[in-house]
Structure formats: structure tokens, C-alpha cells
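**Q** Below you'll find the structure I mean.
The values are calculated or read from the model by the stated rules, or taken from the named source; none is laboratory data. This one's a predicted model, so the numbers in the text were calculated from it and none came from an experiment. Glycine also receives a Cβ, built like all others from the backbone with ideal geometry; neighbour counts cover every protein chain displayed.
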Amino acid sequence: MQVVEIRGQGGPEVLHLAQRPVPACGPGEVLVQVAAAGVNRPDVQQRKGLYPPPAGVTDIPGLDVAGVVVAVGADVAWPRIGDAVCALVAGGGYAEFCLVPAPQCMPVPRGFTFAQAATLPEVFFTAWNNVIWLGRLAEGEALLVQGGTSGVGLAAMQIGKQLRGATVLATSSSAAKQAVCREMGADAVVDYRDADWPEQVRALTDGRGVDVILDGQGGDYTPVELGLLAPDGRLVLIASHRAPKAEISTREIYIRRLTLTGSTLRARPVAYKGRIARELVEQVWPLLEAGRIRTHICGVHPLADVAAAHAVLDANEQIGKLVLTVSALAETVPEPPA
Ligand SMILES: NC(=O)c1ccc[n+]([C@@H]2O[C@H](COP(=O)([O-])OP(=O)(O)OC[C@H]3O[C@@H](n4cnc5c(N)ncnc54)[C@H](OP(=O)(O)O)[C@@H]3O)[C@@H](O)[C@H]2O)c1
């Protein structure tokens with residue numbers, strides 16, 4: 001099968017097409033013939049040597065796929081051969097065939113193309129895990145999403161608005177990106193390049209602060225964000241692009257009962273990811289099918305042009321998601337499940 005390999009560490013030029021054998025299903029796994037694969041920031045981090053795959057996981061990058069199941073291992077009740085699925089994987093998405101633990105498969109939402117479905121797993125799993133489970137966003141609370149037009153950010157904002165009726169605030173760096181944040185459900189958007197962005201956020205909450213912050217920056221943002229939380233607020237970290245270390249006031253945490261938490265998804269057990277998959281299918285998939293939650297795709301590239309897709313992320317030009325088309329089925333809408 002054709003795959004993308006990362007040879008060395010560096011810019012998009014270290015991505016190369018290669019041939020590898022089609023993998024065989026083990027128990028609990030299915031083999032998906034990939035129609036389309038999502039591109040995510042963690043793939044860029046892996047390419048730079050900053051986010052290696054967990055032990056035992058393929059070195060082929062790619063964290064989400066959509067396609068057709070072509071083989072099923074032992075002990076798999078669903079999906080079946082021929083089913084159209086999208087799935088979260090810990091690696092291996094940039095390839096013509098991809099092994100997937102069965103619990104991490106979800107049906108392609110009705111009316112979605114494979115390419116659209118491939119943009120869903122990584123960002124919605126991450127948003128669900130961090131905004132709903134760890135952030136415990138409750139009805140009517142205020143949510144601040146750093147980097148509103150990131151794939152994860154758009155998923156988080158829409159989950160907050162549509163499922164919790166939250167007041168959604170976002171940060172973003174350009175007029176075009178801010179417009180997309182508003183279009184996708186943000187009540188207000190602040191430019192993080194403004195030195196007074198924290199004061200702007202505070203003013204938008206009438207001085208009260210926000211209940212949940214989803215942040216991938218860390219570093220010097222962390223004490224500022226703790227200061228922006230309302231009493232009982234939760235700061236959820238999903239990366240630390242600014243810096244891994246921060247100086248914070250621990251006093252602030254106990255005086256105002258704040259929670260500082262975070263997660264990565266990739267190394268979590270299959271059973272944990274399977275629980276997220278079930279909740280997404282129950283609670284988010286109907287909203288996707290009704291058009292109340294949307295995916296926002298800013299670029300579609302054939303697998304052979306993977307370097308061009310990564311260059312867009314390197315330049316921080318993406319708004320929402322980039323997708324790789326892997327087979328001729330990518331732009332087709334599969335038959336809904338019987
Ligand atoms: N922990 C996990 O499980 C997990 C899983 C997936 C992704 N992630 C992380 O989640 C984040 C989003 O991932 P993605 O693939 O959706 O990323 P992405 O599309 O590459 O987006 C990155 C975002 O970071 C924003 N940003 C850059 N500098 C910023 C700053 N100084 N202040 C605020 N925002 C800033 C960008 O905003 P502008 O475009 O407006 O500049 C952009 O929206 C990334 O940090 C990624 O590493 C974590």
C-alpha cells in the first residue's frame with residue numbers, strides 16, 4: 001500500500017511517499033480502506049520530532065481516517081465488512097489502509113462525504129475529552145477557546161454552544177479567522193495579538209471571568225488564564241506551544257477553588273476512546289446530521305501533496321481542517337447504514 005513516511009525531523013520535505021505491506025487485523029481490530037485522512041497539528045509536531053508515536057504504534061502519521069471496512073479481526077461485533085466509518089487512530093492515517101481498534105470507529109454521519117467525515121474524529125474526541133469530561137462545562141457557563149479557528153477550537157466552540165448553551169468566547173489572530181469564529185458560534189472574539197486581550201475577555205464577562213478555558217499555549221498564558229477564571233473555574237491544557245513551564249500562584253487555586261488540568265488523547269486506552277466515541281455518536285452525530293454542528297474545511301490535498309498541506313499548517317494559514325484524499329471515494333457520500 002502507499003503510505004507517507006517521515007524520514008528524519010524537520011519541515012514538510014521530510015514527508016515521503018513509500019510502499020509498505022497492508023497490515024493484518026488482530027483481535028478487536030478492523031482494517032479500513034482509507035478514502036480520506038485528516039491533518040492535525042500533532043502530525044506537524046510528530047514530523048518535527050516533538051510528538052513521537054506511543055510504544056507499539058506505527059510510525060506512519062495520521063490520527064483520523066474515513067473509509068470502508070475491508071477486514072475484521074476476531075471479537076468484533078461492529079463495524080462489519082463494507083461499513084463506511086470514520087475513526088480515531090493513534091497513527092497510520094496517512095496510508096491507503098489503516099488498522100483501527102473497533103471501539104474507535106463511528107459511522108460516517110448521514111450526508112457527509114468521506115473527506116468531511118475524516119475531519120471529525122481527532123478534533124471532536126479532543127474537544128469532548130477536554131471540554132465536556134475534564135472541563136465539566138455545564139449549562140449556560142462561559143467557555144473561552146484559545147485559537148478559535150483551530151480544528152479543535154471550532155469543535156469545542158460548537159459543542160459548548162449547541163450542547164451546553166454556553167457563552168462562547170474565542171481568541172483569533174486575523175479578521176478572516178475572527179469572522180469564521182463568529183459564523184461557527186462564538187459570541188465574541190478577541191485578537192490574542194492585542195496586549196490587553198485578557199482585559200478584553202474579562203470585560204466580555206462583566207468582570208466575572210470564564211468558567212472553562214481550553215488552551216494549547218501554556219507558558220506565560222497559564223497564570224493569566226488562571227486569573228481569568230471565575231470561582232470554581234477550570235483551565236484545561238491540551239498543549240504548551242508557548243512553553244512547557246509556567247509560574248503560577250497556587251494560592252489562587254485554593255482561594256477560588258480552581259481546577260488546572262489537561263490531557264493528551266493519543267496514548268489513552270482503547271476503552272477510554274471507545275467511551276468518547278459512543279458519546280459523540282449519541283450526542284454530536286445527530287447535530288452534525290441536522291447541520292447544527294459543522295466541519296469547516298480549508299484545504300483538500302491528494303495524499304501525494306501531503307507536504308503542501310503541512311506547509312499550510314506551518315504558515316498558520318489554516319482555518320479549521322485540512323484533509324488528504326487517499327482514494328477516488330473521498331468526495332462521495334456513502335450509503336447510510338441499513
Ligand atoms: N492534547 C490533545 O489530546 C490534543 C489533540 C489534538 C490537538 N491538540 C492541540 O490542540 C490545539 C489545536 O489543534 P489543531 O490541530 O486543531 O490546531 P491548529 O488548527 O493548528 O490550530 C492552532 C491554533 O493555535 C492558535 N494560536 C497560535 N498562537 C496563539 C496564541 N499566542 N494565542 C492563542 N492562540 C494561538 C492559532 O490561532 P490563529 O490561527 O488565530 O493564529 C490556531 O487556531 C493544538 O495546540 C494542538 O497541539 C491537543
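**Q** When you check Ala330 against the structure, is it surrounded by 16 or more Cβ atoms within 10 Å (Cβ to Cβ), outside the structural domain of Arg80 (by TED's automatic domain parsing) and either away from the ligand (no atom under 16 Å from the Cβ) or free of Cβ contacts under 8 Å to residues at least 40 places away in the same chain (or both), yes or no?
**A** On the way: surrounded by 16 or more Cβ atoms within 10 Å (Cβ to Cβ): yes; outside the structural domain of Arg80 (by TED's automatic domain parsing): yes; either away from the ligand (no atom under 16 Å from the Cβ) or free of Cβ contacts under 8 Å to residues at least 40 places away in the same chain (or both): yes.
When the stated conditions are applied, Ala330 passes them.
**Q** Could you tell me which numbered condition Gly320 fails, if it satisfies all but one of (1) free of Cβ contacts under 8 Å to residues at least 60 places away in the same chain; (2) under 16 Å from the mean Cα position of the chain (by Cα)?
**A** It fails just one condition, (1).
**Q** Does the stretch 12-35 contain any residue that is among the basic types (Lys, Arg), closer than 25 Å to Thr126 by Cα and assigned by TED's automatic domain parsing to the domain that holds Val72? First the steps, then the outcome.
**A** Going residue by residue through the stretch 12-35, those that are among the basic types (Lys, Arg) are 20.
Going one step further and asking which of them are closer than 25 Å to Thr126 by Cα, we end up with none.
Within the stretch 12-35 (the criterion being among the basic types (Lys, Arg), closer than 25 Å to Thr126 by Cα and assigned by TED's automatic domain parsing to the domain that holds Val72), the answer is no, since none of the residues qualifies.
**Q** So, one more: What about Gly274, is it at positive phi, assigned by TED's automatic domain parsing to the domain that holds Ala90 and either assigned to a helix (DSSP H, G or I) or at pLDDT 95 or above (or both)?
**A** Here the answer is no, as Gly274 does not meet what is asked.
**Q** Collect the residues in the stretch 179-190 that are within 14 Å of the ligand (Cβ to nearest atom) and part of a loop (DSSP other than H, G, I, E, B), keeping them in residue-number order. If you could, list the steps in order and put the result at the bottom.
**A** Restricting attention to the stretch 179-190, the residues satisfying the condition of being within 14 Å of the ligand (Cβ to nearest atom) are 179-182, 184, 186, 189-190.
Answer for the stretch 179-190, where residues must be within 14 Å of the ligand (Cβ to nearest atom) and part of a loop (DSSP other than H, G, I, E, B): Met184, Ala186.
**Q** The conditions are (1) of a type in the set (D, E, K, R); (2) without any contact (Cβ under 8 Å) to a residue 40 or more places away in the chain; (3) not in a helix (DSSP H, G or I), and Asp305 fails exactly one of them. Which is it?
**A** Against the list (1) of a type in the set (D, E, K, R); (2) without any contact (Cβ under 8 Å) to a residue 40 or more places away in the chain; (3) not in a helix (DSSP H, G or I), Asp305 comes up short only on (3).
**Q** On to the next question. Hey, does the stretch 43-57 have a residue that's more than 16 Å from the ligand (Cβ to nearest atom) and not aromatic (Phe, Trp, Tyr)?
**A** First, pick out the residues of the stretch 43-57 that are more than 16 Å from the ligand (Cβ to nearest atom): 55-56.
Those left that are additionally not aromatic (Phe, Trp, Tyr): 55-56.
Yes, that holds for at least one residue.
**Q** Also, I was wondering about something else. Check the stretch 305-319 and report whether any residue there is more than 30 Å from Ser174 (Cβ to Cβ) and more than 11 Å from the ligand (Cβ to nearest atom).
**A** Restricting attention to the stretch 305-319, the residues satisfying the condition of being more than 30 Å from Ser174 (Cβ to Cβ) are none.
Scanning the stretch 305-319, I find no residue that is more than 30 Å from Ser174 (Cβ to Cβ) and more than 11 Å from the ligand (Cβ to nearest atom), so the answer is no.
**Q** Another question, if that's okay. Would you mind finding the one in Gly49, Gly26, Gly92, Gly73 that is modelled with pLDDT of 95 or more and surrounded by 22 or more Cβ atoms within 10 Å (Cβ to Cβ)?
**A** Numbers: Gly49 fails: surrounded by 22 or more Cβ atoms within 10 Å (Cβ to Cβ); Gly26 fails: surrounded by 22 or more Cβ atoms within 10 Å (Cβ to Cβ); Gly73 fails: surrounded by 22 or more Cβ atoms within 10 Å (Cβ to Cβ).
Being modelled with pLDDT of 95 or more and surrounded by 22 or more Cβ atoms within 10 Å (Cβ to Cβ) holds for just one of Gly49, Gly26, Gly92, Gly73, which is Gly92.
**Q** Looking at the stretch 283-302 only, could you name the residues that are within 16 Å of the ligand (Cβ to nearest atom) and part of a strand (DSSP E or B)?
**A** Result: Ile297, Cys298, Gly299, Val300, His301.
**Q** Could you check the stretch 195-222 and list, in sequence order, the residues that are surrounded by fewer than 17 Cβ atoms within 10 Å (Cβ to Cβ) and either in a loop (DSSP other than H, G, I, E, B) or among the acidic types (Asp, Glu) (or both)?
**A** Within the stretch 195-222, Ala195, Asp196, Glu199, Asp206, Gly207, Arg208, Gly219, Asp220 qualify.
**Q** Name, by its number, the condition in (1) outside any strand (DSSP E or B); (2) among the acidic types (Asp, Glu); (3) away from the ligand (no atom under 16 Å from the Cβ) that does not hold for Glu225.
**A** (3)
**Q** Suppose we keep only residues that are closer than 30 Å to Ala102 by Cβ and out of contact with any helix residue (DSSP H, G or I) (no Cβ under 7 Å at 6 or more places or on another chain) within the stretch 251-265. Which one would you say is modelled with the lowest pLDDT? Write out each step before concluding.
**A** In the first step, residues of the stretch 251-265 are kept if they are closer than 30 Å to Ala102 by Cβ; the result is 261-265.
Then drop every residue that is not out of contact with any helix residue (DSSP H, G or I) (no Cβ under 7 Å at 6 or more places or on another chain), which leaves 262, 264.
On the way: Gly262: 98, Thr264: 95.
Top of the filtered list is Thr264.
**Q** A further question follows. For the stretch 62-178, which fully contained helices (runs of 4 or more DSSP H) count at least 1 residues that are outside the structural domain of Leu303 (by TED's automatic domain parsing) and within 13 Å of the ligand (Cβ to nearest atom)?
**A** Values: elements: 114-117, 121-127, 151-164.
Here the list reads 121-127, 151-164.
**Q** Take the residues in the stretch 235-274 that are within 15 Å of the ligand (Cβ to nearest atom) and of a type in the set (D, E, K, R); name whichever of them is surrounded by the most Cβ atoms within 10 Å (Cβ to Cβ).
**A** Residues of the stretch 235-274 within 15 Å of the ligand (Cβ to nearest atom): 235-244, 246, 260-269, 272-273.
Pick out the ones that are also of a type in the set (D, E, K, R) and you get 242, 266, 268, 273.
Numbers: Arg242: 15, Arg266: 19, Arg268: 17, Lys273: 22.
By that ranking, first place goes to Lys273.
**Q** Ok, one more. State whether one or more residues within the stretch 235-249 are in a loop (DSSP other than H, G, I, E, B), in contact (Cβ under 8 Å) with a residue 40 or more places away in the chain and either in the same structural domain as Glu96 (by TED's automatic domain parsing) or in contact with a helix residue (DSSP H, G or I) (Cβ under 7 Å, 6 or more places away or on another chain) (or both).
**A** The first filter runs over the stretch 235-249 and keeps only residues in a loop (DSSP other than H, G, I, E, B), leaving 238-242, 244-249.
Checking the rest, the ones that are also in contact (Cβ under 8 Å) with a residue 40 or more places away in the chain come to 238-239.
Checking the rest, the ones that are also either in the same structural domain as Glu96 (by TED's automatic domain parsing) or in contact with a helix residue (DSSP H, G or I) (Cβ under 7 Å, 6 or more places away or on another chain) (or both) come to 238.
Taking every residue of the stretch 235-249 in turn, at least one turns out to be in a loop (DSSP other than H, G, I, E, B), in contact (Cβ under 8 Å) with a residue 40 or more places away in the chain and either in the same structural domain as Glu96 (by TED's automatic domain parsing) or in contact with a helix residue (DSSP H, G or I) (Cβ under 7 Å, 6 or more places away or on another chain) (or both).
**Q** Taking the condition acidic (Asp, Glu), away from the ligand (no atom under 16 Å from the Cβ) and surrounded by fewer than 24 Cβ atoms within 10 Å (Cβ to Cβ), does Asp232 pass?
**A** Judged against the criteria, Asp232 is a match.
**Q** Restrict the check to the stretch 207-214 and report whether at least one residue is within 11 Å of the ligand (Cβ to nearest atom), touching a residue at least 40 places away in the same chain (Cβ under 8 Å), in contact with a Phe, Trp or Tyr (Cβ under 7 Å, 6 or more places away or on another chain) and in the same structural domain as Trp128 (by TED's automatic domain parsing).
**A** The answer is no, given that none of the residues of the stretch 207-214 is within 11 Å of the ligand (Cβ to nearest atom), touching a residue at least 40 places away in the same chain (Cβ under 8 Å), in contact with a Phe, Trp or Tyr (Cβ under 7 Å, 6 or more places away or on another chain) and in the same structural domain as Trp128 (by TED's automatic domain parsing).
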